[in-house]
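The structure appears below as structure tokens.
The values are calculated or read from the model by the stated rules, or taken from the named source; none is laboratory data. Note that the coordinates shown come from a computational prediction; the quantities given were computed from them, not determined experimentally. Because the Cβ atoms are built from the backbone with ideal geometry, glycine has one as well, and the counts that use them run over all protein chains shown.
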Amino acid sequence: MRTRMSFTFLSLLAACGPSWEADTRKPTPPHRTGAAHDSILSANEKPSSGPATGFEADSGAGPFGEWGLALDLEDISAEVMSDYAHSAPDTLEVERSIRQFQLRRGASDPLGWPPFLESVDAYLTLPVDRLRPSPLIRARVAAEFELDQESRRPGGAPPELVRMVQALVARIDRRMRDLQAVGRHEARAGAWLKWPLEAGIISSGFGPRRDPFERVVRFHAGVDLAAEEREPVLAAADGVVVFAGPAGNAGLTVKIRHAPRLFTLYAHLSAIMVKEGQEIGRGDVLGLVGHSGRATGPHLHLALIRDGKPVDPLEHLEETVFSFSDRRTGVGFGKP
């Protein structure tokens, strides 16, 4: 499989030639791709407005920036990626492959495709008890995003690449259904967060990804959940609001403390309906979905911060119903 895939794709490269030149155009609007990505807020950037004091002392931000968005890989990747050490070696390998794929594609390297496709394909052959949903979602979103980038180049994406990516996405969807079937019968350890939206699309996962604005790869310290503008945003768990207001590129943001060093963050809102110091119950309305700050479309950026480090929220969200479609990118969740 690996030899055949590499040979096929290298043949494509020879035929494509100049069509692989760097693309400097703006990212595809959300209404075309179904994706919505938040912007980048570096570890050292401060919000352009909002309180200057009273938040930092117990923010849970640690070295990862106050607002829990996305950060330069060289600043945090070694520490945060070490958190994957509890995962099976197969999961670690596919996570590394996704990361390298995004780095190489950020540099417009067409040779980034074969090892990524082969690694994910091998991961999909594992028994269901050795799979995790997070890397599958990240792989699906990354593949669809990069294929969309290729389709907007002169001449479009090579047909063989389109076919291979579509086949990969279909296999990911089948294995996600397998995981979902298992989840209906087995309680998932650590699933304590309520989904903050009744329904939506997981348009960007946790971990390294290519910034849709700047085309550089940074660590995305949360998940993006695309939804209709002004959909209610719900608290994922009981807690106390420690921040509610504008937060620079993150837009209107709410941050909740659930324990001394455990926080959730909800960014890019169109409206905030709580205030600092307010006690919040699981499922209470915090605000409305929007695209405030720097964003390409309406969505919620959800971050989970534990002991000053970002944690993948998908590993701690309760079981839900996933849906899949070849007519849109991303993975649907919640009520149809």
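Descriptive notes on the structure:
- Boolean, E315 is within 22 Å of Q102 (Cα to Cα), out of contact with any strand residue (DSSP E or B) (no Cβ under 6 Å at 6 or more places or on another chain) and modelled with pLDDT under 95: yes
- Any hit, segment 233-244, residues being closer than 15 Å to E198 by Cβ and surrounded by fewer than 23 Cβ atoms within 10 Å (Cβ to Cβ): yes
- Per-region count, segment 188-212, residues assigned to a loop (DSSP other than H, G, I, E, B), in contact with an Asp or Glu (Cβ under 8 Å, 6 or more places away or on another chain) and at pLDDT below 80: 3
- Contacts under 8 angstrom Cβ, first residue in segment 304-327 being in contact (Cβ under 8 Å) with a residue 40 or more places away in the chain and not assigned by TED's automatic domain parsing to the domain that holds G222, partner outside any strand (DSSP E or B) and buried (at least 18 other Cβ atoms within 10 Å of the Cβ), 6 or more apart: none
- Options G290, G283, G277, G251: the member that is on the phi > 0 side of the Ramachandran plot and buried (at least 17 other Cβ atoms within 10 Å of the Cβ): G251
- Residues (in contact with a helix residue (DSSP H, G or I) (Cβ under 8 Å, 6 or more places away or on another chain) and not basic (K, R)) located in segment 213-232: V216, V217, F219, A221, G222, V223, A226
- Scanning segment 223-237 turns up at least one residue that is at positive phi and of a type in the set (K, R).
- Out of R132, R152, R174, sole residue that is among the basic types (K, R) and crowded, with 19+ Cβ neighbours inside 10 Å: R132
- Checked against the criterion of being in contact (Cβ under 8 Å) with a residue 40 or more places away in the chain, in a strand (DSSP E or B) and aliphatic (A, V, I, L, M), segment 253-260 has no qualifying residue.
- Hits in segment 233-246 (condition: assigned to a loop (DSSP other than H, G, I, E, B), of a type in the set (A, V, I, L, M, F, W, C) and more than 20 Å from the chain's Cα centre (by Cα)): A237
- Criterion: outside the structural domain of H299 (by TED's automatic domain parsing), in a loop (DSSP other than H, G, I, E, B) and either at pLDDT below 90 or more than 17 Å from the chain's Cα centre (by Cα) (or both) - qualifying residue of R215, R153, R171: R153
- Against the test of being out of contact with any Lys or Arg (no Cβ under 9 Å at 6 or more places or on another chain), free of Cβ contacts under 8 Å to residues at least 12 places away in the same chain and of a type outside the set (S, T, Y), the options R163, R230 yield a single qualifying residue, R163.
- For segment 267-289, filtered to residues that are touching a Gly at 6+ places or on another chain (Cβ under 7 Å) and part of a strand (DSSP E or B), the residue that is farthest from V242 (Cα to Cα) is S270.
- Within this structure, S325 fails the test of being among the polar types (S, T, N, Q), crowded, with 18+ Cβ neighbours inside 10 Å and assigned to a loop (DSSP other than H, G, I, E, B).
- Residue check for T264: at pLDDT 95 or above, surrounded by 18 or more Cβ atoms within 10 Å (Cβ to Cβ), polar (S, T, N, Q) and in the same structural domain as W195 (by TED's automatic domain parsing): yes
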